[in-house]
Amino acid sequence: MPELAVIGIAFAVMFLAELPDKSMFASLVLATRYPAIWVWAGAAAAFTVQMVIAVTAGRLLALLPHRVVDGVAAGLFVAGAVYLVLASFRQPPRRDADAARQGHGRTSPWRVAGTAFAVIFVAEWGDITQFATANLAARYEPLPVLAGATLGLWAATAIAVVVGAKSLSVLPMAWVSRIAGAILFTLGVYSALAAVR
């Protein structure tokens with residue numbers, strides 16, 4: 001598969017999977033309290049580190065026979081799809097942005113970025129985006145997967161910090177989860193067919 005196509009697939013999957021994710025909501029809430037640029041910088045750094053870890057895990061998975069890798073990838077993609085669709089029926093709690101801002105005066109940019117990094121880094125362990133990236137890295141070249149996945153997560157986080165808490169009343173997050181689930185399910189079917197062939 002061409003590198004640009006791999007970047008595009010990784011970008012789309014991570015972007016859609018991240019929009020209804022806990023990390024996105026953590027970024028959104030942090031951005032209602034602190035300057036958005038520093039929240040984004042810390043979150044982007046955490047996502048970069050997590051995607052390097054996920055791609056490395058995916059490349060280790062790629063050392064297994066191709067049928068095993070395709071079978072495992074199919075199972076994980078389908079499991080991720082089921083998780084996202086089921087999660088779409090749960091509504092996340094809403095936060096009042098004005099209440100969240102109370103009591104938060106001037107804070108060091110480094111402290112804000114560090115807080116965002118720590119929150120996102122911890123939240124991403126075992127996350128659907130981490131598993132999906134590992135699956136993609138097991139099937140495709142690692143650098144395009146890393147680039148697409150990281151850019152997708154950065155873009156989703158940028159939306160979270162720029163739009164802020166008001167986006168919760170505008171974006172139909174349940175449908176975003178369902179679309180991401182459908183994409184993961186399609187990738188799971190594709191991987192299952194590749195395993196059978």
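Assorted remarks:
- All of Ala62, Ala57 fail the test of being modelled with pLDDT of 75 or more and either among the small types (Gly, Ala, Ser) or more than 17 Å from Ala10 (Cβ to Cβ) (or both), apart from Ala57.
- Of all the listed residues (Val78, Val52, Val85, Val69), the sole one being closer than 21 Å to Asn135 by Cα, part of a helix (DSSP H, G or I) and at pLDDT below 70 is Val69.
- Condition met for Thr129 (crowded, with 22+ Cβ neighbours inside 10 Å, modelled with pLDDT of 75 or more and among the polar types (S, T, N, Q)): yes
- The condition (being at pLDDT 75 or above and outside any loop (DSSP other than H, G, I, E, B)) is satisfied by just one residue among Ala174, Ala116: Ala116.
- Per-region count, segment 121-150, residues part of a helix (DSSP H, G or I), under 19 Å from Trp40 (Cα atoms) and aromatic (Phe, Trp, Tyr): 1
- Scan of segment 37-57 for residues that are more than 14 Å from Ala155 (Cβ to Cβ) and among the hydrophobic types (A, V, I, L, M, F, W, C), ordered by number: Ile37, Trp38, Val39, Ala41, Ala45, Ala46, Val49, Val52, Ile53, Ala54, Val55, Ala57
The values are calculated or read from the model by the stated rules, or taken from the named source; none is laboratory data. Computed from a predicted structure; not experimentally measured. Glycine gets a Cβ as well: all are built from the backbone with ideal geometry, and neighbour counts include every protein chain shown.
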